[in-house]
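To start, the structure itself, in structure tokens.
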Amino acid sequence: MKVLITGAHGKVGRAATQALLDAGHDVLATDLTRPGFERRAEGTARYQMADLTDAGEAFAVVSGVDAVVHVAAIPEPTGNPAHVVFRTNLMATFNVLEAAVRFGVKRFVNISSETVPGFFFPERDFLPDYAPVDEEHPVHPQDPYALSKHFGEQLMNAAVERSDIRCISLRPSWVQNEGNYEQNLGPQVRDAAVLSPNLWSYIDVYDLADAIVL
């Protein structure tokens, strides 16, 4: 299957790209990173730079693929102005999904976020309505990142209503890899009194990549 993966040079994107290749898919990777000029190594993904907030560039990379894995996003709301986070994430999602619908792409995996129910970056105190939290929990997004992910899920729902595309939105909890377990989770492991903004939940990036392939 020809699969486009956006945000391919991020933490989740890299792991998912390799998992898709290992599963035998023909992968086109895209991100904002400028491509190198070395010959592509055998067994690696093809790469095309694209700014997905530009509709033309989004349509260019979606053309000809069978499925899309949409990972690209500004991954949290604190390092950029609020309007930049919201606009970038939402318009990239809209453009890629619109291209997928127009080109007749059959499958679309949208990486949403645990922040949609209200976790991690709330501007006012947030406690879940119940625990453990599942996909039926009411959504209470407060910050621009969570709002962009929430509206992204609504775009998926609308696409399913208006076309034959099959969409799924995944809400991974705090994604970890071998390079940041100690930094991110160590304090909570050593001291149970350390507050966790997401009820001590996390997912290994390679487990998430396997879920994306499924």
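Looking for whichever is small (Gly, Ala, Ser), touching a Gly at 6+ places or on another chain (Cβ under 7 Å) and closer than 26 Å to His25 by Cα here; the options are Ala73, Ala45, Ala99. Which one fits?
Going through Ala73, Ala45, Ala99 in turn, just one is small (Gly, Ala, Ser), touching a Gly at 6+ places or on another chain (Cβ under 7 Å) and closer than 26 Å to His25 by Cα: Ala73.
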Looking at the range 128-214, what helices (runs of 4 or more DSSP H) fall wholly within it and have at least 2 residues that are within 15 Å of Thr115 (Cβ to Cβ)?
144-162
Enumerate the pairs (first residue in the range 72-83 and among the polar types (S, T, N, Q); second residue anywhere and modelled with pLDDT of 95 or more) with beta-carbon separation below 6 Å, excluding pairs fewer than 6 apart on the same chain, so at least 6 apart or on different chains.
Asn80/Ile74
Scan the range 86-110 for residues that are of a type in the set (Lys, Arg) and in contact with a strand residue (DSSP E or B) (Cβ under 9 Å, 6 or more places away or on another chain) and jot them down.
Lys106, Arg107
Val139 meets each of (1) within 30 Å of Pro197 (Cα to Cα); (2) crowded, with 20+ Cβ neighbours inside 10 Å with one exception, condition (2)
Has the range 190-209 got at least one residue that is touching a His at 6+ places or on another chain (Cβ under 9 Å), of a type in the set (Val, Ile, Thr) and within 30 Å of Gly24 (Cβ to Cβ)?
no
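The values are calculated or read from the model by the stated rules, or taken from the named source; none is laboratory data. For clarity, every value in this text was computed on a predicted model and none was experimentally measured. No Cβ is skipped: glycine too gets one built from the backbone with ideal geometry, and neighbour counts run over all protein chains shown.
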